[in-house]
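S.K.: Shown below is the structure under consideration.
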Amino acid sequence: MNGRHSISIAVLSENQDDVALINSTLRDAGHAAHCIWISKARDIGKTLAAEYVELLILNCDSFPESVRQVIKLKDRYNPEIPLIALQQEADETSIQKAMQNGACDLVSIGLKGRLQAVVTRELRALRVERALNSTIHSATEYKKQLNDYMQSSTAAIALVEEGIITEINDAWLKLFRCASNDETIGLPLMDNFESESQAAIKGALVAAIAGKWAADEKLIAKSHVTSEESSEVHLEFRKFIFDNGPCVQVRISQPEKAAQEPTKLVHDALKRDPTTLFYHRTQFLERVSKRLRKKPASGTHVLAYVKVDKFGDVLEKVGILNSDDILGQFAEAVRKRMHPRDVAGRFEGTSLMVLLERGKARDGEVWGRQLCEHIRKQTFEVGDRSTQLTCTVGVCGANEVFASLEEFVAATVEAYKIGKEAGGNTAVLSDSADDDTKQKEFDAIWVKHLKSALMEDRFRLAQLPIAGLRSDGVQMYDLLVRMLDEHGKSVLPSEFLPAAERNNMMKNIDRWMIKAAIGFCKDTDADRVFVRLSKQSVLDVTTIAWMEQEFDSRSFDCTRLVMQLPERDAAKHIKQTRAVVKNLRKIGIGFALEHYGIDQERFQILDILKPDYIKVDGELMHTLMTDKDMQISVEKIVRAASERGIKSIAERVENANAMAVLFQLGLDYMQGHYVHEPEVVLQDAQGGKPTSLAELTAANAN
């Protein structure tokens, strides 16, 4: 109460002077009081029916009816109006008696200050109660409207509280083929979905309650329709708050399926192997040739040759007639670990081949290692027989030293043979091109163009935002490098960085990146920027001195910079890395380990280097959504980091499903195309299509 509200008060007294006394007392306290005089009990009802009254003040010494009787009369019209009793003298006993009879308080007539305080208190309580009742009424009406909307909607909708379904509409019953509400209400939402989708759904529910799920964002899941059937559905999540607490509305809208002509379906089926459902060899190689002619928008192509180890032993266990079923299950396990842009085929016999799109060839090796580990843990069953499998994967990155697809495939198969000779159950990355004479010739061209680009300042930054899963209070960016050729066209990092690494030029690019990062910080409001440091810079004893000199000359706030190094490089050169990190901290620079988690549960390096951040390897993101063992491993990593005060960042987050799982597992940040595409800072140069090495060679010849 601050005096700006007009107070309507009914004064019950036979003496009209009491009205003037109360009016003046309240006005002295800053209240705009409007007093109505009631001198007889029979007028109470008339007044309450005709006037808007907020408070009753009863002079017990000058009114014919007792407190109890006035309360009874008042309650017939408006029970919520408070009553304050007055009398000449009020002690603890009389106050208690008045309150037992229904009064809010009893005040001595001479104590004006107490009367003012009691009136203020009761009016505030009354208005808070009315506001609360109005809110509850609005919430009730809102819930009723929501229920009406649910029942009239053609989309399947359920309300979920703490993972339990509390309400559903008819469309939900129809979708899941339930006879009545009793088959669904009161049961966990997860019971309606396949196990591979449950982690993402659980994460989405948690994110929605925390207010971190966008209303228009959709999660893709597989639902149980019957015990024999499942279907893919799109889920939307929205938070609602009712009087009994928060809940999440789950809305399912099935994606529209474009009708396909029967002839097209038949033609597509003829292109695929009936056992594995992958392309036949000829169809697969045609698609590989077509893909290789056009480089990915980012990253590179990687070819993987996958084969079950000792398939003859499998034949003995399950029989010849059942072996195709086992191979089909194996192919399905491979398919589930492929990215949307990957393509696979049955190459020959029991061997499969997969063309992957990845950031670099090493990511293909990681994919192969994860596949081997996943297959090793599975049990494959057919009829009443079961068997365990292992597999070996040969991996090779696309490289222009291969004159033909034949050479590319041969190098991949050769990598497989190395793994098989080592005992199988492993993935091997081909290094056949590293010492190749042709490779050296290509590198000589790249080195010339790299030096030219450095001298002519034709490198550019690409900024990739890092988004908070828990909070959005800190603006962070991962800075990437791009190169322009002599014509101003963009050259992908997957083309020039391997050559720079092989020819000891990465430290030059690192120093360009650090200078560019300083300029980026001065031009933006970024709180943290992440810059990669190559192992060449870590091993170069002049790196720290150069950095200190550069920062001093530019008066740069070093706390805005975080240097990052791949975990494998840090582990391989742990002594040098620890020295670099120690010196970085002295000048206020943060440190991050990227591509962390491939060597699972390697926590000792966290204690040695004490990074500020770890970036969970992006190659884990795709299988993380469906692989429970992987979820457990990542959760252990995140928990270990959190216990050490290290923030965790997920790399290469591509969709809402991945975000939901990451939120559930407790990660702090994420980056990737789901957050934002890399934005290239081209300044005055113009971007264009990626340039091939052949074009660079031609440009050099001219």
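S.K.: Under the condition of being more than 19 Å from the chain's Cα centre (by Cα) and farther than 18 Å from G163 by Cα, which residue from region 213-229 is modelled with the highest pLDDT?
M.R.: Filtering region 213-229 for residues that are more than 19 Å from the chain's Cα centre (by Cα) and farther than 18 Å from G163 by Cα, the one modelled with the highest pLDDT comes out as V225.
S.K.: Next question, about the same structure. Taking into account only those residues within region 311-355 that are polar (S, T, N, Q) and in contact (Cβ under 8 Å) with a residue 40 or more places away in the chain, which is farthest from G618 (Cα to Cα)?
M.R.: Once the filter is applied, the top-ranked residue is N322.
S.K.: Considering each of S471, S494 in turn, give the residue that is of a type in the set (S, T, Y), under 29 Å from R652 (Cα atoms) and part of a helix (DSSP H, G or I).
M.R.: On the way: S471 fails: part of a helix (DSSP H, G or I).
Of the residues listed, the single one that is of a type in the set (S, T, Y), under 29 Å from R652 (Cα atoms) and part of a helix (DSSP H, G or I) is S494.
S.K.: Ok, one more. So S298 clears everything in (1) within 35 Å of the chain's Cα centre (by Cα); (2) assigned to a helix (DSSP H, G or I) except one condition, right? Which one?
M.R.: Result: S298 fails condition (2) only.
Condition check ((1) part of a loop (DSSP other than H, G, I, E, B); (2) farther than 21 Å from M563 by Cα; (3) touching a helix residue (DSSP H, G or I) at 6+ places or on another chain (Cβ under 8 Å)) across all residues:
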site	(1), (2), (3)
W446	no, yes, yes
P465	no, no, no
Y477	no, no, yes
E501	no, no, yes
N508	no, no, yes
W512	no, no, yes
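S.K.: Testing I614 on (1) in a helix (DSSP H, G or I); (2) under 28 Å from the mean Cα position of the chain (by Cα), one condition comes back false. Which one is that?
M.R.: (1)
S.K.: Would you point out which residue out of D478, D457 is of a type in the set (D, E, K, R) and crowded, with 19+ Cβ neighbours inside 10 Å?
M.R.: D478
S.K.: If you don't mind, another one. What tally of residues in region 67-84 results from selecting those that are crowded, with 21+ Cβ neighbours inside 10 Å and in contact with an Asp or Glu (Cβ under 7 Å, 6 or more places away or on another chain)?
M.R.: Looking only at that region, the number is 2.
S.K.: I've got another one for you. Please go through region 188-212 and give me each residue that is modelled with pLDDT of 90 or more and either part of a loop (DSSP other than H, G, I, E, B) or basic (K, R) (or both), ordered by number.
M.R.: K202
S.K.: I'm told M505 meets every condition in (1) in contact (Cβ under 8 Å) with a residue 60 or more places away in the chain; (2) farther than 30 Å from A660 by Cα except one. Can you identify the failing condition by its number?
M.R.: If we test M505 against (1) in contact (Cβ under 8 Å) with a residue 60 or more places away in the chain; (2) farther than 30 Å from A660 by Cα, just (1) comes out false.
S.K.: Being closer than 30 Å to A467 by Cβ and either in contact (Cβ under 8 Å) with a residue 60 or more places away in the chain or crowded, with 20+ Cβ neighbours inside 10 Å (or both) is the requirement here; does A215 meet it?
M.R.: When the stated conditions are applied, A215 does not pass them.
S.K.: Further question: Take region 22-39 and flag every residue that is in a helix (DSSP H, G or I) and free of Cβ contacts under 8 Å to residues at least 60 places away in the same chain.
M.R.: Scanning region 22-39 gives N23, S24, R27.
S.K.: Ok, one more. Need pairs with beta-carbon distance below 9 Å; first residue farther than 17 Å from I71 by Cβ and within region 94-115, second in a helix (DSSP H, G or I) and of a type in the set (A, V, I, L, M, F, W, C); sequence gap 6+ or separate chains.
M.R.: That search, which allows pairs on different chains as well, returns S108/L115; I109/L21; I109/L115; K112/L21; L115/I22; L115/L26.
S.K.: Restricting to region 358-407, and then to whatever is surrounded by fewer than 22 Cβ atoms within 10 Å (Cβ to Cβ) and among the acidic types (D, E), can you tell me which residue is farthest from I320 (Cα to Cα)?
M.R.: E400
S.K.: In the set E232, E236, which member is surrounded by fewer than 19 Cβ atoms within 10 Å (Cβ to Cβ) and either modelled with pLDDT under 85 or assigned by TED's automatic domain parsing to the domain that holds E162 (or both)?
M.R.: E232
S.K.: Note down all Cβ pairs under 9 Å where the first residue falls in region 588-605 and is assigned to a strand (DSSP E or B), the second is at pLDDT below 85 and crowded, with 24+ Cβ neighbours inside 10 Å, and they're at least six residues apart or on different chains.
M.R.: Pairs found: H595/E619.
S.K.: Report yes if F380 is closer than 21 Å to T275 by Cβ and in contact (Cβ under 8 Å) with a residue 40 or more places away in the chain, otherwise no.
M.R.: yes
S.K.: Separate question: All but one of (1) in contact (Cβ under 8 Å) with a residue 12 or more places away in the chain; (2) out of contact with any strand residue (DSSP E or B) (no Cβ under 8 Å at 6 or more places or on another chain); (3) under 24 Å from D485 (Cα atoms) hold for L405; state the number of the condition that does not hold.
M.R.: Result: L405 passes all but (3).
S.K.: What number of residues within region 40-77 satisfy the criterion of being within 20 Å of G102 (Cα to Cα), part of a loop (DSSP other than H, G, I, E, B) and of a type outside the set (D, E)?
M.R.: 9
S.K.: Right, another one. Is it the case that some residue within region 423-439 is modelled with pLDDT of 80 or more, closer than 23 Å to F311 by Cβ, surrounded by fewer than 13 Cβ atoms within 10 Å (Cβ to Cβ) and over 38 Å from the mean Cα position of the chain (by Cα)?
M.R.: yes
S.K.: Please work out if E421 is in the same structural domain as H487 (by TED's automatic domain parsing) and free of Cβ contacts under 8 Å to residues at least 24 places away in the same chain.
M.R.: no
S.K.: Look at N59 and say whether it is more than 59 Å from the chain's Cα centre (by Cα) and assigned by TED's automatic domain parsing to the domain that holds E14.
M.R.: Yes: the conditions hold for N59.
S.K.: Scanning region 660-684 for residues that are of a type in the set (V, I, T) and surrounded by fewer than 22 Cβ atoms within 10 Å (Cβ to Cβ), which turns out modelled with the highest pLDDT?
M.R.: It comes out as V675.
The values are calculated or read from the model by the stated rules, or taken from the named source; none is laboratory data. Because the structure is predicted, anything quoted here is derived from the model rather than measured. Glycine gets a Cβ as well: all are built from the backbone with ideal geometry, and neighbour counts include every protein chain shown.
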